[in-house]
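Written below as structure tokens is the structure these notes are about.
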Amino acid sequence: MQGDIMAKILISAGEASGDIHAAAVTAAIKKLDSKAEVFGMGGDALRKAGGEVLWDIKDHGVMGFVEVIRKLPDLFRLRSDFARIMDERKPDCLVVVDYPGFNMKLAKLAHDKGIPVVSYIAPSAWAWNKGRAKKVAKIVDKVACIFPFEYDVYKEAGAPVEFVGHPLLDIVHPTMTKAEAEAWAGKQPGKKLILLMPGSRLMEIEKMLPTLLAGAKLLKQQLPDAQFVMPRANTIPLAMLQEKIAAYGIEVKITEGHNYDLFSVADLALATSGTVTLEAALCGLPSVIVYRTSALNAFIARLVINIPNIGLPNIVAGKTIMPELLQEDFTPEKLAKTAVELLQPERQAQLQSDLAYMKHRLGEPGAVNRVAQLILKITEERK
């Protein structure tokens with residue numbers, strides 16, 4: 001879409017993984033229409049892609065049912081700020097990326113103002129409650145589905161839906177040679193490189209990192225040659241990680257950037273459940289997937305989640321291909337024991353076969369460009 005009338009796109013991504021997807025779509029939009037304006041909530045990735053960041057995700061990441069309630073005053077204020085921007089800058093389209101608790105309220109706001117809405121990385125109605133899909137259908141002009149199984153749920157709910165494929169197939173690519181990546185990671189010949197990935201939100205660091213470090217310490221006793229590396233999310237202060245690592249007396253190298261190169265040469269990840277486990281899996285890196293939340297959050301989750309796994313690689317595969325240690329099962333002892341099992345040669349071979357199967361189920365590359373075209377088509381129709 002090249003023309004004299006400039007497309008104005010309001011975008012909302014609430015956390016680190018959403019920022020990556022919002023940035024990729026923004027870059028694709030700019031490539032298709034160099035005059036397009038993209039502005040809203042995101043982080044460093046969105047900024048780098050040419051988007052105007054009005055609200056930074058560093059200030060708004062939140063997880064868990066109870067924590068969201070505590071954050072409500074800030075979220076109400078943020079929604080009011082978005083409403084003001086909608087009135088002042090009159091966007092042609094709102095694109096909401098993941099972050100469903102807040103973004104669906106934003107979608108309702110835009111819908112009521114007559115602004116078309118595209119939902120990209122849509123609410124996980126297939127996991128929580130299929131009734132959510134009907135609510136989304138009432139306020140969203142297009143659901144860009146990234147999983148084939150969620151397409152069916154939204155189609156059945158009457159939503160205007162399009163299966164675009166998974167964006168990580170476009171985004172996840174190592175940029176270094178194997179030798180360069182091993183040098184970057186500091187990987188030594190014959191040693192196992194294990195990644196510690198506690199998450200991209202401050203609350204995740206508090207809940208997950210101590211047990212990850214304690215488990216790594218036990219693992220080091222069983223595998224003295226093991227090396228540990230922690231890729232830092234830019235939403236987490238470096239000093240915080242260094243302080244927590246020092247308290248456990250274990251050597252952990254902290255890296256910044258080049259995550260996909262790191263994933264491509266590591267042997268195993270001990271990772272908090274999230275998009276990063278799928279990114280790692282697409283690089284051929286298996287994980288022990290972990291998660292812990294408050295007892296109340298866990299109780300609520302068990303009532304409403306209607307799928308057997310929470311790890312994305314397992315959900316995509318349709319079966320448990322990687323172990324999940326959740327809540328009371330997430331202990332240093334179980335973590336170390338599970339890691340040792342996954343590092344056995346025969347288990348590694350099975351994991352690689354499972355990861356190839358999982359990748360095949362995600363469809364064909366090109367999702368990011370398809371979403372960008374869809375968004376620009378909607379803005380053009382509005383004009």
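The values are calculated or read from the model by the stated rules, or taken from the named source; none is laboratory data. Just so it is clear, the model here is predicted, and its values are computed rather than measured. Counting neighbours? That spans all protein chains shown, and the Cβs are built from the backbone with ideal geometry, glycine included. Please note that ligands, DNA and RNA were not included when accessible areas were found on the heavy atoms of the full protein model with its side chains. Shrake-Rupley method; radii C 1.70, N 1.55, O 1.52, S 1.80 Å.
Numbers for the structure displayed
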item: Amide proton proximity set for GLU52, modelled H, under 5 Å, gap of 5+; result: VAL38, PHE39, GLY40
item: Cα lying deepest toward the dipole's positive end in segment 178-362, options TYR357, VAL276, GLY186, charges on Cβ; result: TYR357
item: Acute angle (nearest 10 degrees) that the helix 332-342 long axis makes with the longest principal axis of the chain, alpha-carbon atoms; result: 90
item: Lys, Arg +1 and Asp, Glu -1 on Cβ, resulting dipole of segment 312-376 about Cα centre, debye, nearest 20; result: 300
item: Lys, Arg +1 and Asp, Glu -1 on Cβ, resulting dipole of the chain about Cα centre, debye, nearest 20; result: 660
item: Violating pairs (Cα-Cα greater than 23 angstrom) within the set LYS220/LYS253; LYS178/LYS207; LYS187/LYS319; LYS48/LYS253; LYS178/LYS253; result: LYS178/LYS207; LYS187/LYS319; LYS48/LYS253
item: 1.4 Å probe accessible area per residue over segment 178-362, in Å²; result: 43
item: Positive-pole candidate from GLN327, CYS93, ILE310, dipole of the chain, charges at beta carbon; result: CYS93
item: Carbon + sulfur, % of accessible area of the chain - ligands and nucleic acids excluded, 1.4 Å; result: 54
item: As computed over segment 178-362, the Cα convex hull volume per residue (Å³); result: 116
item: Accessible surface of ASP56 - all protein chains present, 1.4 Å probe, nearest 10 Å²; result: 30
item: Nonlocal amide H pairs with ALA7, under 5 Å, H built at 1.01 Å; result: ALA36, GLU37
item: MRE, 222 nm, helices only [DSSP H, n ≥ 4, -39500 (n - 2.57), over the chain, to nearest 500]; result: -15500 deg cm²/dmol
item: Heavy atoms of GLU346: accessible area, 1.4 Å probe, square angstrom to 10; result: 130
item: Whole-angstrom gap from segment 140-219 to segment 311-335, using each part's C-alpha centre; result: 14
